[in-house]
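Just so it is clear, none of the values below were taken in a lab; they were calculated from the coordinates. These figures come from a predicted structure and were not determined experimentally. Neighbour counts run over all protein chains shown; Cβ positions are idealised from the backbone, glycine included.
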Amino acid sequence: MDVSYQKPLPQPNADDRFFWDGCKKHTLLFQKCRNCGLVRWPPSIICPVCYSQDTEVIEASGKGKIYTYAIYHQVYHQGFRDEVPYVTAVIELEEGPHFLSNIVGCEPDNVECDIPVEVVWEDITPEFSLPKFKPVL
Amino acid sequence: MGLKDKYAIVGVGYTPQGRVPDRTALSFHVEAISNAIKDAGLRREEVDGLICYRHFPPLGGEPDVTPYLVAQHAGLVPRVISQEANCARSQLLNAMGWLDAGLCNYVVISYAHNPLSGGRSFGQRTDNYTKAVFGQFGATSGYAMAARRAMHTFHTGPDTWKHIAVGQRKWANLNPVAVMNDHTMTYEDYFSSRWVVEPLRLFDNCLVTDGGRAYIVTSVERAKALQHPVVTVMGIGQHNPALEIEQATNMAGPTGARLSGETAFAMAGITLDDIDACEIYDCFTYTVEITLQDYGFFKPGEGESWFEGGTIEPGGRMPVNTSGGQLSEAYFMGLTQITEATMQLMGRCGERQLGLQTNTKKPEIILCSDNGGILQTHSTVILRRL
């Protein structure tokens with residue numbers, strides 16, 4: 001592990017390990033219900049709409065728009081001390097799921113709801129990469 | 001529905017509140033409960049139900065505040081006992097169910113915590129790493145996301161929320177036990193307070209408070225034999241959209257307040273026109289706006305003009321959060337609202353008492369709300385003086 005990385009790290013569990021494995025390969029993977037077609041996040045053993053357990057994993061396009069966002073001015077974790085103000089946002093992906101991430105490559109004051117964004121990858125340690133999003137100009 | 005005006009709140013217990021060092025959370029529970037029992041004119045042996053509001057892991061060196069430890073220290077031997085660990089706000093409804101089932105005669109509900117002096121941060125939880133890896137912590141960010149979506153959807157914002165922060169502060173200035181009693185707030189003060197998580201400023205955030213609060217519920221028949229004016233539960237409703245904020249699409253309304261409110265008003269058989277004042281759960285200013293909006297006081301985006309001109313302040317046509325609320329009095333989850341409504345209806349609020357004294361309507365019916373999580377749970381309670 002890169003000892004210089006001071007932020008919290010993913011802790012993959014039985015439900016979401018496939019997602020983080022995908023991130024390491026810079027692919028954004030989600031479960032899709034084979035019965036009703038719902039693409040879901042967070043991962044679950046069962047479709048919350050139709051209760052089917054018949055599930056496939058699809059690769060998302062990485063494109064979406066900002067549903068909402070927050071600009072952190074207060075430091076809640078020392079790993080983010082040098083980052084404020086930073087932006088967390090809920091991304092409404094083309095495939096449907098809402099995914100919490102960061103908006104990068106854009107001044108916080110220029111972020112807006114509903115603007116288009118696309119995924120960019122940040123390799124934080126040899127084990128983990130994080131999907132972040134930047135506005136599409 | 002069958003529960004209308006069947007159960008009453010008969011006693012309220014306070015403790016020192018604000019920054020109160022060298023006190024355990026347990027000590028505030030016990031003090032609030034004992035004061036509520038004394039206030040109702042009961043003996044502890046008569047109290048046979050206990051509900052502790054949400055459980056927090058103990059701070060260093062303190063005992064874990066379980067409901068049985070609270071019962072032990074308060075000298076209670078309850079027939080029924082309960083506590084919840086998150087923010088489901090069903091305590092009063094549970095108490096009424098125990099009473100209605102004939103299992104209990106008097107139920108005490110208490111909340112206590114010492115986060116300010118104990119140094120508990122509400123922001124540093126990293127137990128959900130799918131959020132923490134992106135720097136998402138605490139409740140302010142979740143409500144900031146809701147508030148931001150509302151700004152986008154119906155064009156609300158700080159110009160609306162300033163009325164809530166400043167209006168509630170004016171009530172706190174009339175309340176000697178309010179943490180902010182000695183601190184006035186102008187619109188300029190509001191706008192110059194620092195950003196916490198934008199679009200929420202420090203003055204959009206509730207207080208972090210040491211202290212406790214408790215109240216006692218019993219049947220109307222028993223209440224009539226006790227010392228205070230009878231304050232009944234006229235209507236009660238709940239609704240729990242449950243989705244975490246990152247998945248929710250109702251953060252700009254309708255929140256749980258819509259169905260919860262409709263349920264409570266249907267039980268009470270009244271309309272908004274019958275409401276004399278509101279005690280609205282105010283973890284953040286935006287929560288007050290969206291709750292009142294979902295209850296139907298104004299249409300989306302019309303909040304700013306509804307609040308303008310001192311609507312919710314002393315002298316206003318719809319007083320809101322008359323103790324100062326959680327923004328300016330003290331934070332005791334839903335107990336801040338229910339206990340204040342009870343005290344107002346009993347006529348025990350001193351300088352801030354609704355009626356002639358504050359140039360407001362004498363209260364007969366007060367609407368209370370409580371919500372938990374990030375707009376994930378909601379409870380509505382309509383109280384009235386018989």
Calculate the length of the line joining the C-alpha centroid of the range B:295-343 to that of the range A:73-91, in whole Å. 32 Å
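Give the order of B:Ile275, B:Ile216, A:Ile66 when sorted by the count of other beta carbons within 10 angstrom, beginning with the fewest. Intermediate results must be reported in sequence, preceding the final value.
Values: B:Ile275 21, B:Ile216 28, A:Ile66 24.
Least crowded to most crowded, the residues run B:Ile275, A:Ile66, B:Ile216.
Using only the Cα atoms of the protein assembly as shown, construct the convex hull and provide its projected area averaged over every direction, in square nanometres to one decimal. Before the final figure, lay out the partial values.
Working: hull surface 98.7 nm².
Convex hull of Cα atoms, orientation-averaged projection: 24.7 nm².
For the range A:17-135, report the translational diffusion coefficient in µm²/s to the nearest whole number, using Stokes-Einstein at 10 °C, 1.306 mPa s, and a Kirkwood Rh over Cα pairs. Before the final figure, lay out the partial values.
Details: Rh = 15.3 Å.
Once the numbers are plugged in, D ends up at 104 µm²/s.
Relative to the Cα centre, what is the charge dipole magnitude of the range A:43-137, using +1 at the beta carbon of each Lys and Arg, -1 at the beta carbon of each Asp and Glu, and rounding to the nearest 20 debye? Mind showing how you got there, number by number?
Working: 5 positive and 16 negative charges, 43 e Å.
Dipole about the Cα centre, nearest 20: 200 debye.
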Karplus-derived HN-Hα couplings along the range A:33-50 (A = 6.51, B = -1.76, C = 1.60, θ = phi - 60°), whole Hz, x at Gly and Pro: 6, 6, 7, 10, x, 5, 8, 10, 7, x, x, 7, 6, 9, 6, x, 8, 10
Part-to-part distance (alpha-carbon centres) for the range A:1-46 and the range B:182-200, which is given in Å: 39 Å
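Test of understanding: what is the full-extension gain from B:Asn250 to B:Ala85, defined as 0.36 nm times their sequence separation minus their Cα-Cα distance?
Taking 0.36 nm per residue and subtracting the Cα distance, the gain is 57.0 nm.
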Could you tell me whether the range B:48-160 comes out rounded, prolate or oblate from its Cα gyration tensor? Rule is a ≥ b ≥ c as square roots of the eigenvalues, rounded for a/c under 1.5, then prolate if a/b exceeds b/c, otherwise oblate. oblate
Return the unpartnered cysteines for the protein assembly as shown, using a Cβ-Cβ cut-off of under 4.7 Å. A:Cys23, A:Cys106, A:Cys113, B:Cys52, B:Cys87, B:Cys104, B:Cys206, B:Cys278, B:Cys283, B:Cys349, B:Cys368
For the range B:201-206, what does the Karplus curve 6.51 cos²θ - 1.76 cosθ + 1.60, with θ = phi - 60°, yield as ³J(HN,Hα) per residue in whole Hz, taken in order and with x for Gly and Pro? 8, 3, 7, 8, 8, 5
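For the residues B:Glu329, B:Glu246, what sequence is obtained by ranking on other C-beta atoms within 10 Å, fewest first? Numbers along the way, then the final one.
Numbers: B:Glu329 30, B:Glu246 25.
Listed from fewest to most nearby Cβ atoms, that is B:Glu246, B:Glu329.
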Would you mind calculating the relative contact order of the range B:1-78 from Cα pairs under 8 angstrom and at least 6 residues apart, reporting the percent as a whole number? 31 percent
Sequence-distant or interchain residues sharing an amide H contact under 5 Å with B:Asp48, placed H: which? B:Asn105, B:Tyr106
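If you restrict to DSSP beta bridges whose two residues both lie in chain B, what percentage is antiparallel, to the nearest 5?
About 75 percent, rounded to the nearest 5.
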Find the centroid of the Cα atoms in the range A:96-133 and in the range B:64-136, then give the distance between the two in whole Å. 37 Å
Take peptide B:196-207, look around each residue's Cβ out to 10 angstrom, count Cβ atoms belonging to other protein chains, and average those counts. 3
Grab every C-alpha pair in chain B, bin the distances at 20 angstrom width from 0 up to the longest one, and report whole percents. 30, 62, 8
What list of ³J(HN,Hα) values in whole Hz, one per residue of the range B:41-51 in order, does the Karplus curve 6.51 cos²θ - 1.76 cosθ + 1.60 (θ = phi - 60°) give from phi, with Gly and Pro shown as x? x, 9, 9, 4, 5, 7, 7, 10, x, 9, 10
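Mean residue ellipticity at 222 nm from the helices of the protein assembly as shown, using -39,500 (n - 2.57) per DSSP H segment of n ≥ 4 over the full residue count, to the nearest 500 deg cm²/dmol?
On the way: 15 runs with 136 residues, N = 523.
Only helices count here, giving -7500 deg cm²/dmol.
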Quick check of the Kirkwood formula: for the range B:214-357, what is the inverse mean of 1/r over all pairs of different Cα atoms, in Å? 16.5 Å
